[in-house]
Amino acid sequence: MDSCVSKEHPQQEVSFVSLGMVLLDELHVPGKSPIFDVIGGSGGYGTLGARLFAGATKSKTIGCLVLAGKDFPTATEAELRGWGMTLLLRRDSTKLSTRGLLEYEDTTFGPKKFRYLTDPLKPSPADLQSTPLLGAKAFHLLATPEEITRQIPELMSLRRQYGVEQRPLIIWEPFPAACQPSNRGSFLAACSLVDVFSPNHIEVTGLFTDEKPKLFHCEQLEFYAQTFLEASVGPSGQGCVVIRAAEHGCLTASRSERFTWLPAYYALNAAEVIDPTGGGNAFLGGLAIGLQETASFAEAASYGSVAASFALEQIGLPSRNQLGDGETWNETIVLSRLEEYKSRLDENIIDRGR
């Protein structure tokens, strides 16, 4: 396997790495020509969410791990390098790149089906061995409880071997298919190893009941979050549950802060929302940077909400352009959108008083 770490600029301390997969998606929409080689996956969108807040001057603080096969497109590699990140591309000439098929049921980009077209190349902490990405301040994982139980101790051991003693921020996005009542005990136990446990509202509900709720109930989701907090999230119980609830916004729940609901950046049926794919992953990348900037779970969630908004505005990833010494994404300055979103919160934030 060949490895390449980008070194165009002096090394900066890495703030974020996703151990999710970077996929090459093939999109099929009724009545339209297929779209090929769209960067996706939890790793792709999670990295996007963090990169949005790094800005042009700190782009190297975002690590990006890509497990590529022999067919990984040159244009895709160039696009990722254009973001100026610390890119670790591990290419295996004996395998094909991870490819997925997204089939949309209609032109609203709502209901869809997904399947892998190739055997997935799943990252693990070992893929970061002896690279700057191993020393990142925050990691994002899309994983089952069993994977968390195995990979977090492995990650910590590799970091110590690399000379990094400080514990990183660990953000766990659960593998959706594992979110079943029979697995709840495993999830509760594994949460002690992570700092943030962040299912969406469907996934966390699936851990408590097989029945799909007909209505959205804030109180029920708060009960689920409380159950996890009582079991302990984080090594010392000081972690957070963040329930992402699409157009309903998000809930942050921890022992150190009051339960807080933040609104989604875009309202239901907003014209700006083109495709919700990747919004939740991008949220968590933004959340990771927000936690490092603010040390507040609720404030960090505002970063996540804004990051998600950029993922929703198009098929695939948003467009980046240089603006003097800075940059824009979809012709918008990210921090300006964050400030605009925060200005709305005084009217829309819901403090549940727990």
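Quick note: the coordinates plus some simple rules give every number you see, no bench work behind them. Remember, it's a predicted structure, so these values are computed and weren't measured experimentally. Cβ: placed from backbone, ideal geometry, glycine included. Neighbour counts: every protein chain shown.
Annotations for the structure displayed:
- Global form of the stretch 174-317, assessed from the alpha-carbon gyration tensor, a/c cut-off 1.5: oblate
- Computed over the chain with a Gaussian network model linking Cα atoms closer than 10 Å, the most mobile of 33, 254, 42 is 33.
- Most mobile listed residue (221, 19, 323) in the chain, GNM with C-alpha springs under 10 Å: 323
- Look at the dipole of the chain built from charges on Cβ: of 133, 220, 324, the Cα furthest out on the positive end belongs to 133.
- Antiparallel DSSP beta bridges within the chain, as percent of all bridges there, nearest 5: 50
- Positive-end residue, the chain charge dipole about Cα centroid, Cβ charges, pick of 64, 102, 155: 155
- Rounded, prolate or oblate (a/c below 1.5 giving rounded, otherwise prolate when a/b exceeds b/c) for the stretch 234-354 by Cα gyration tensor: prolate
- The chain: most fluctuating residue of 207, 142, 23 per GNM, C-alpha cutoff 10 Å: 207
- Working from label points 7 Å from Cα in the Cα-to-Cβ sense, the residue 246 to residue 295 distance is 3.7 nm.
- Of 312, 188, the sequence from fewest to most neighbouring Cβ atoms within 10 angstrom is 188, 312.
- Take every Cα pair under 8 Å whose residues are at least 6 apart in sequence, average their separation, divide by the length of the chain, and the relative contact order is 17 percent.
- Order of 228, 16 - criterion: other Cβ atoms within 10 Å of each residue's Cβ, fewest first: 228, 16
- When each full DSSP H helix of the chain is screened for a Cα extent of at least 18 Å along its own axis and an average Kyte-Doolittle hydropathy of at least 1.6, none passes.
- Charge dipole (debye, nearest 20) of the chain; +1 at Cβ of Lys and Arg, -1 at Cβ of Asp and Glu: 700
- Using a Förster distance of 25 Å, the FRET efficiency for residue 105-residue 214 (Cβ separation, nearest 0.05): 0.75
- Between the stretch 261-321 and the stretch 109-139, the alpha-carbon center distance in angstrom: 19
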